[in-house]
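Shown below is the structure under consideration.
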Amino acid sequence: MTSFFPGFALSLTLILAIGAQNAFVLRQGLRREHVFWVCLTCAACDALLIAAGVAGFGALSEALPWFETVMRYGGAAFLIWYGWLNARSAWRGGEMLDTGGVTTQSLRRAILTLLGLTFLNPHVYLDTVVLLGSISAQYPDRLAFGTGAVTASFCFFFTLGYGARLLAPLFAKPVSWQILDALIALTMWAIAAKLLFG
């Protein structure tokens, strides 16, 4: 559990940041269109990328002992920068989620759109393969860390998709995004501090 919960927490904070993929899932949830398949596709894609990161970085850190140290400081730097972006967004405010403008579409088109939003986004590789993969090497049980990260992904996407109608009034307000961004920033900085000083 000492590896599972950090994996869960880090994965959740990385996914929480609003982006094209989350906006699409939220819109689909609000419209109640293909919600199960959209959520399952997002979570499965994340699971694949997280597994690649955890397995690949584990093998690489064993082959090159210095690589783990490089990735620890690189991961901490990325987390500090990512936290700063969220803190700046929280300070500036004005973010809102526009749920309009989506027309009814087939399941095939919805999944293809989602795959494009997922795999054509370079941040997904930084967050899952590079960041989660490198940080997993810092924990005694990389498998548990990866399982925690994958579990967070499944929990988040299904909660977002099916809970969208409940969240819509809340996240129509810019202050809600400010609070969320501030919490993400603090979490990122706490994990970075653990990497640097823990």
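The values are calculated or read from the model by the stated rules, or taken from the named source; none is laboratory data. Since the model is a prediction, treat every value here as computed from it, not as a measurement. Cβ sites come from the backbone with ideal geometry, for glycine too, and all protein chains shown count toward neighbours. Just so you know, the surface numbers come from the protein's heavy atoms only, side chains and all, with ligands and any DNA or RNA stripped out. Shrake-Rupley method; radii C 1.70, N 1.55, O 1.52, S 1.80 Å.
LEU131: in a helix (DSSP H, G or I) and open to solvent by 20 Å² or more (accessible area, probe 1.4 Å), yes or no?
It is false that LEU131 is in a helix (DSSP H, G or I) and open to solvent by 20 Å² or more (accessible area, probe 1.4 Å).
Quick one: in segment 5-21, of everything that is surrounded by fewer than 19 Cβ atoms within 10 Å (Cβ to Cβ) and assigned to a helix (DSSP H, G or I), which residue is modelled with the lowest pLDDT?
ALA20
Taking the condition of being modelled with pLDDT of 90 or more and β-branched (Val, Ile, Thr), how many residues in segment 22-58 meet it?
Qualifying residue count, segment 22-58: 4.
Is it the case that ALA43 is open to solvent by 10 Å² or more (accessible area, probe 1.4 Å) and among the small types (Gly, Ala, Ser)?
Judged against the criteria, ALA43 is not a match.
How many of the residues in segment 140-198 are surrounded by 14 or more Cβ atoms within 10 Å (Cβ to Cβ), free of Cβ contacts under 8 Å to residues at least 60 places away in the same chain and more than 19 Å from PHE5 (Cα to Cα)?
1
Residues of segment 99-110 being at pLDDT 70 or above and either touching a strand residue (DSSP E or B) at 6+ places or on another chain (Cβ under 7 Å) or crowded, with 16+ Cβ neighbours inside 10 Å (or both), which ones?
Residue satisfying the conditions is ALA110 alone.
For segment 47-57, how many residues are open to solvent by 10 Å² or more (accessible area, probe 1.4 Å) and over 12 Å from THR147 (Cβ atoms)?
6
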